[in-house]
1. Looking at A82, A178, can you tell me which residue is hydrophobic (A, V, I, L, M, F, W, C) and without any contact (Cβ under 8 Å) to a residue 12 or more places away in the chain?
2. Would the range 217-224 turn up any residue that is touching a Pro at 6+ places or on another chain (Cβ under 8 Å), among the hydrophobic types (A, V, I, L, M, F, W, C) and more than 30 Å from A72 (Cα to Cα)?
3. Could you check the range 115-134 and list, in sequence order, the residues that are open to solvent by less than 40 Å² (accessible area, probe 1.4 Å), in a strand (DSSP E or B) and either more than 19 Å from P210 (Cβ to Cβ) or among the polar types (S, T, N, Q) (or both)?
4. Can you tell me which residue within the range 187-209, out of those that are open to solvent by 50 Å² or more (accessible area, probe 1.4 Å) and either β-branched (V, I, T) or in contact (Cβ under 8 Å) with a residue 12 or more places away in the chain (or both), is nearest to I123 (Cα to Cα)?
5. Are any residues in the range 157-180 in contact with a helix residue (DSSP H, G or I) (Cβ under 8 Å, 6 or more places away or on another chain) and loosely packed, with under 15 Cβ neighbours inside 10 Å, and if so, which ones?
6. Quick check: anything in the range 135-156 open to solvent by less than 10 Å² (accessible area, probe 1.4 Å) and part of a strand (DSSP E or B)?
Amino acid sequence: TNLIASLPLPLLLPSSPSASSPAASPKPSPRGLQQPLTLTLPTPSSHSPAASSPSTPHAREEEDLAENRLSAHFPVNLFVTAIADGTIAPETPQKVQERLAQIVRKVPKEQNTSVEVLEGTTIDLKMRVFVVNSEDAKAVGDYINAHLDQLPAPFVVLARHLPMAVLYDPQTLDLADASVADRLRKQAKTRAVKVLREAIGNKALGVTMPMLRGHEGALAPSDHLQGALAALTQPIAHCKDDNAGRFVVFAARNKASSAPCSPRKRPAPDADPSAPGSPRAEGSAAPPSPRMRAGQAGNRRTGAASASHLHRDMLDKVLNKKAKKEEGPGAGGAL
C-alpha cells in the first residue's frame, strides 16, 4: 500500500479496504510536484510481535516457547515457610534447636523480602524455602507438627507443598552436571518467593500481618493460600508425582551457560599483565627485567668474591699464629 508520508501517523496504518480505493488516493502537493512523495510500508507480518526482538524476560520466554527450544522440565517440590514472632520451645532437643537457630539466622537474601498484607501495609517477611526432602525441611516440619498449638509460632507455613517445574533447553543444559541442577533448584526457590509474594498481596485471600507473624497458628497462612497456589499449576504429562503431575511452570534463566564458573580467574595468554584483575596486578611479583637479572648476577659474584677474600684472610691469620708458636720456643733455646 502506497500512502503519502505527510499524512498523520495513524493514517499510515491500513484501517479498512477502502483506504486503497481511488476515492481515498492522495491529492497532489500544493507546491506543484508532478508526482506525490510516497512511502512504502513493510508487510504487516514484519511488524508482528512474534517477529520483533523481545525486550523483556517475559517476551524472551514467550519466544523460546514459540520456537520449542525449551522442551524439558526439571521438577522441584518445595516446602515454603516464614519466620514468625515465636521462639523455639525450651524442651526441644539441643541438636534440633541448633539447626532451627541456624535456619532463622541464615536467611538467603532472595528470601528476605517484603509483602503487602490485607491491612494495606507492607511488612518485612523472612521466607525460608526448602526442598521437601531436605534435612532443614524435615526439622522445621517436625517442629511445627509437634507444636501446632504454640502462639505465637516461631514458623508459619505458606505452602505445605509447592510443585515447581523449570522449563529448560536440554541442548544447552546438562543435568548430569551437579552445578546445573543446583542452579535450577535455586531458580525454583527464587520463583517460589515471587509466587508467594503475589499470592499474599491478593487482598481477596485475606492474609493479615498477625497471621504471618504466627499469632493465629503455624498453619493459618497456608490454609488461605492453598487454593490460589493450586490454581497456578498446570499438568505435565511426563512428570508424575504425588501432586498428580501438576506444577507451577516457568522458564529457566541463563539457559546458555551450562558450565559452572571457574572459582579462579585465569587471564588469557594475551592479557595485559598490568590490567586490573590479573595475577600480576593483584600482588604476585612480575618477572625481573634483563638489567635487574644482570645486577642480581653481579651481586652474587661480588658476594662470592668477598666471602672468598675473608676466608683467605682467616686462613692466613691462623697459619701465622701457628708459625709464631712453633718458632717461639726454638728462638728462646738458641739464645
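1. Result of the check over A82, A178: A178.
2. No, the range 217-224 has no match at all.
3. Listed by number, the residues that qualify are R128, V129, F130, V131.
4. M209
5. Correct list: D174, L175.
6. Checked against the condition, which is being open to solvent by less than 10 Å² (accessible area, probe 1.4 Å) and part of a strand (DSSP E or B), the range 135-156 yields at least one hit.
Let's see how each residue does on (1) part of a loop (DSSP other than H, G, I, E, B); (2) open to solvent by 40 Å² or more (accessible area, probe 1.4 Å):
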| residue | (1), (2) |
| --- | --- |
| P75 | no, yes |
| F79 | no, no |
| P90 | yes, yes |
| L100 | no, no |
| I103 | no, no |
| E110 | no, yes |
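The values are calculated or read from the model by the stated rules, or taken from the named source; none is laboratory data. Owing to the predicted nature of the structure, the values given are computational and were not obtained by experimental measurement. As a convention, Cβ positions derive from the backbone with ideal geometry for all residues, glycine included, and neighbour counts pool all protein chains shown. Remember, those area values only see protein heavy atoms, side chains included, never the ligands or the DNA or RNA. Shrake-Rupley method; radii C 1.70, N 1.55, O 1.52, S 1.80 Å.
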